[in-house]
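Undergrad: This is the structure I have questions about; it appears just below.
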Amino acid sequence: MNLRRLFAVAFALLAIVTLNAQVVNPVKWSQKIEMTSRDQGVMTFTANIENHWHIYGLDLPDGGPRPTKFDFKEVAGAELVGAPVPSVKPVEEFDSTFNMPLSWWENTVSFKQAFKLLPGSKGCRITGNIIFQACSTVDGTCVPPTKEPVELTEGEAPAVAPAATGADIAPVAASVSGGPGSELWAPAKFPSGSSNVPDVSDASWLYIFVWGFIGGLLALLTPCVWPMIPLTVSFFLKRSQSRRKSIADAMTYGGAIIVIFLVLGIVVTLLFGAGKLNDLATNAVFNLIFFALLVVFAISFFGAFEIKLPEKWSNRMDSSAERTTGMISIFFMAFTLVLVSFSCTGPLIGTLLVEAASQASIVGPVVGMGAFALALAIPFTLCAIFPSLLKELPRSGGWLNSVKVVLGFLELALSLKFLSVADLAYGWGILDREVFVSLWVVTFALLGMYLLGKLRFSHDSATDHVGVGRFFLALISLSFAVYLVPGLWGAPLKGVSAFVPPLYTQDFNLYSSDEFRTFDDYDEGMKFAAENNRPVLIDFSGYGCVNCRKMEGAVFDTEEVSGLIKDNFVLITLMVDDKRELPAPLTVTENGKTVTLETVGEKWSYLQRSKFNASTQPFYVILGRDGQPLAPSYSYDENVAKYVEWLQTGIKAFAEKDAI
């Protein structure tokens, strides 16, 4: 395959894998019943699960997602034999989203439930529900616990009788006062205006692209990559031809760098699988290994030893570049750059792949590696276009040693993130939040001292003065260390909340938020709002919703937002995964199916689906006393100013409506 075809294949693959269709119903069930002998049979329930989604195992620890459950309410003419048996074993891994070990199935799984006919029976009728919860491995979004009705008949089914277990059937209420069927539960009619429902996965890919590009820019400053600049200049000076040909060769060189890094990201993902990469990214043992790897690289950058690839590898590639001509020689030159730069870019690429793997999609590694390669390729492409302008660039020396040390400090700080994941997984408690923050404070304070020349390593050159650039970098590092200090006493540190351990690991916390009354029942909260003439802010949330916790910490916990809510709204927080049983089950009709709601979470999930036509969390709406929205809906977005503006829109609409 020539290089142009390789480019075409790589970019076509990139275009294909970046297509992202929003999943509305991630699990499709099919069911059948068949007799295996004269009086014995089996029911088969098959779940076809969309890519990047999974359903959970049959037995899970408390406090996590809803396990898959088969609830056979009525069995007539037969009795069940044993329990449902899955066709494949579930994946069993530590889930960082729920911070506990869990089991789940992906793609397709079938469950077989055996039964036998009662003596004299010529058939049977079996009804009930499959209760399950599906979660996305791309952005951590979970749909509320869902029921799939079961209704199977074989032969001449007798009249419906209680299940073989003999359990009493709880009374079923069609509706209760203020519940489904009341005016307050009527479908919402949102006012004109765009709804804030961002695509979290796209935002995640943008995040990976940005950090991949920044990683590529950082790689340009490493001592492994810098020496390749004069080599590139020399290589393309020897090929000096027409200007048009030189530009074409330079563009080919830059494209080859991008393709090589892209192929690397794709191959790694395809070899291990996107789901497997996600498992590794959240696996405690893997995080310990990666923590140790980053520490080793940091020690190497501090000058204790040097990490190199075997010389014959890079020499062989370099000699191939010298011997060959044309497109192949340019490709070998690009490959030489990748190999020679690996010992410095390895930690950056590894960190990037771990972050990208958390998206559980091939798109993450491809986008990340593509951005990394793009940032790395642009300067080298310019070097190839204008080699004569780059002859006077400073050679590697003392300043590049300083770059290595700075990267060493940054890698040491970043390594703690991976150790924190392992610490939370095993519950060691050795890296609580204040310990983590203390280590970061010391690390960035030492980095600031190093940049000011107050700390030197063995391979550093003596400096008579501090340059302006080093001074400002030291200022940033020391200021960041000071910013972290309040976190020792429980300050939220919202700027780094994605890295530091959660607040519940803080042993000593002086921080307290301005709390306000919250209702956990929709009808009760709406009644209170009507009596007190206030608009209602509904927060559809979940105990296992990570993005909900982020919104609470980054938005609700701010003085502006908490003050507005406290002074103007009645806040109703509805947990769609609340497993408490309702006093009496509710039967509702949804999409032509009769569904029984048995838990509090199922009730609020149904309210969100039926009234607001939404099923993801967090999800916010502002309602008037009549239960109709006063503003467009709002979803996950940590922009405080936008949220305040949205709240004020609701307050203004309520005042105008009340004045009519």
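The values are calculated or read from the model by the stated rules, or taken from the named source; none is laboratory data. Because the structure is a prediction, the values reported are computed rather than measured. Positions of Cβ are backbone-derived with ideal geometry, glycine not excepted, and every protein chain shown enters the neighbour counts. Heads up: the accessible areas ignore ligands, DNA and RNA and are worked out on the full protein's heavy atoms, side chains in. Shrake-Rupley method; radii C 1.70, N 1.55, O 1.52, S 1.80 Å.
Undergrad: Please determine, by comparing only the residues of region 474-512 that are open to solvent by 50 Å² or more (accessible area, probe 1.4 Å) and among the polar types (S, T, N, Q), which one is modelled with the lowest pLDDT.
TA: Out of the qualifying residues, it is 512.
Undergrad: Name the pairs: first residue in region 233-261 and closer than 20 Å to residue 373 by Cβ and at pLDDT below 75, second residue in a helix (DSSP H, G or I) and among the acidic types (Asp, Glu), Cβ to Cβ under 8 Å, at least 6 apart or on different chains?
TA: If the second residue must be in a helix (DSSP H, G or I) and among the acidic types (Asp, Glu), the pairs left are 236/249.
Undergrad: Could I ask something else about it? Would you check which residues across region 84-140 are part of a strand (DSSP E or B), touching a Pro at 6+ places or on another chain (Cβ under 9 Å) and closer than 22 Å to residue 418 by Cβ and list them?
TA: Answer for region 84-140, where residues must be part of a strand (DSSP E or B), touching a Pro at 6+ places or on another chain (Cβ under 9 Å) and closer than 22 Å to residue 418 by Cβ: 92, 93, 94, 95, 100, 101, 102.
Undergrad: Additional query: Does residue 80 satisfy the condition of being touching a residue at least 40 places away in the same chain (Cβ under 8 Å) and part of a loop (DSSP other than H, G, I, E, B)?
TA: Numbers: touching a residue at least 40 places away in the same chain (Cβ under 8 Å): yes; part of a loop (DSSP other than H, G, I, E, B): no.
No: the conditions fail for residue 80.
Undergrad: Could you please find all residues in region 33-63 being within 28 Å of residue 605 (Cα to Cα), surrounded by fewer than 21 Cβ atoms within 10 Å (Cβ to Cβ) and not hydrophobic (A, V, I, L, M, F, W, C)?
TA: 44, 46, 48, 50, 51, 57, 59, 61, 62, 63
Undergrad: Filter region 604-642 down to residues that are within 21 Å of the chain's Cα centre (by Cα) and open to solvent by 40 Å² or more (accessible area, probe 1.4 Å) and give me whichever is farthest from residue 589 (Cα to Cα).
TA: It comes out as 639.
Undergrad: Then there is this: From the residues in region 34-88 that are touching a strand residue (DSSP E or B) at 6+ places or on another chain (Cβ under 7 Å), of a type in the set (S, T, N, Q) and under 16 Å from residue 123 (Cβ atoms), which one is modelled with the highest pLDDT?
TA: Top of the filtered list is 40.
Undergrad: Something else: State yes or no: is residue 583 open to solvent by 10 Å² or more (accessible area, probe 1.4 Å) and without any contact (Cβ under 8 Å) to a residue 40 or more places away in the chain?
TA: Details: open to solvent by 10 Å² or more (accessible area, probe 1.4 Å): yes; without any contact (Cβ under 8 Å) to a residue 40 or more places away in the chain: yes.
Considered against the rule, which asks whether it is open to solvent by 10 Å² or more (accessible area, probe 1.4 Å) and without any contact (Cβ under 8 Å) to a residue 40 or more places away in the chain, residue 583 comes out as yes.
Undergrad: Starting from region 522-539, keep only residues that are open to solvent by less than 60 Å² (accessible area, probe 1.4 Å), then list their pairs with residues that are β-branched (Val, Ile, Thr) and in a helix (DSSP H, G or I) whose Cβ atoms are within a distance under 7 Å, requiring at least 6 positions of separation or different chains.
TA: Final answer for the pair search is 535/651; 537/565.
Undergrad: Right, something else. Consider region 64-111. How many of its residues are buried (at least 19 other Cβ atoms within 10 Å of the Cβ) and more than 31 Å from the chain's Cα centre (by Cα)?
TA: Total satisfying the criteria: 6.
Undergrad: Please tell me if residue 648 is open to solvent by 30 Å² or more (accessible area, probe 1.4 Å) and in a helix (DSSP H, G or I).
TA: Working: open to solvent by 30 Å² or more (accessible area, probe 1.4 Å): yes; in a helix (DSSP H, G or I): yes.
So residue 648 fits the description; yes.
Undergrad: For region 446-458, indicate whether the set of residues that are closer than 20 Å to residue 297 by Cα, under 31 Å from the mean Cα position of the chain (by Cα), surrounded by 14 or more Cβ atoms within 10 Å (Cβ to Cβ) and not polar (S, T, N, Q) is non-empty.
TA: Yes, region 446-458 contains a residue that is closer than 20 Å to residue 297 by Cα, under 31 Å from the mean Cα position of the chain (by Cα), surrounded by 14 or more Cβ atoms within 10 Å (Cβ to Cβ) and not polar (S, T, N, Q).
Undergrad: Collect the residues in region 551-574 that are crowded, with 18+ Cβ neighbours inside 10 Å, modelled with pLDDT of 85 or more and in contact with a Pro (Cβ under 8 Å, 6 or more places away or on another chain), keeping them in residue-number order.
TA: Listed by number, the residues that qualify are 569, 570.
Undergrad: Report yes if some residue within region 128-147 is buried (at least 16 other Cβ atoms within 10 Å of the Cβ), hydroxyl-bearing (Ser, Thr, Tyr) and at pLDDT 90 or above; otherwise report no. If you could, list the steps in order and put the result at the bottom.
TA: Pass one, region 128-147, residues buried (at least 16 other Cβ atoms within 10 Å of the Cβ): 128-147.
If we keep only those that are hydroxyl-bearing (Ser, Thr, Tyr) as well, we get 136-137, 141, 146.
Those left that are additionally at pLDDT 90 or above: none.
Looking through region 128-147, none of the residues is buried (at least 16 other Cβ atoms within 10 Å of the Cβ), hydroxyl-bearing (Ser, Thr, Tyr) and at pLDDT 90 or above.
Residues checked against (1) open to solvent by 60 Å² or more (accessible area, probe 1.4 Å); (2) modelled with pLDDT under 90; (3) not hydrophobic (A, V, I, L, M, F, W, C):
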site	(1), (2), (3)
394	yes, yes, yes
399	yes, yes, no
404	no, yes, yes
408	no, yes, yes
416	no, yes, no
434	no, yes, yes
438	no, no, yes
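Undergrad: Listed residues 388, 461; which is at pLDDT below 80, assigned to a helix (DSSP H, G or I) and open to solvent by 60 Å² or more (accessible area, probe 1.4 Å)? Quick ask: steps written out before the conclusion?
TA: Details: 461 fails: assigned to a helix (DSSP H, G or I).
Exactly one residue qualifies, and that residue is 388.
Undergrad: Something else about it: What number of residues in region 634-660 are touching a helix residue (DSSP H, G or I) at 6+ places or on another chain (Cβ under 7 Å), closer than 19 Å to residue 554 by Cα and modelled with pLDDT of 90 or more?
TA: 5
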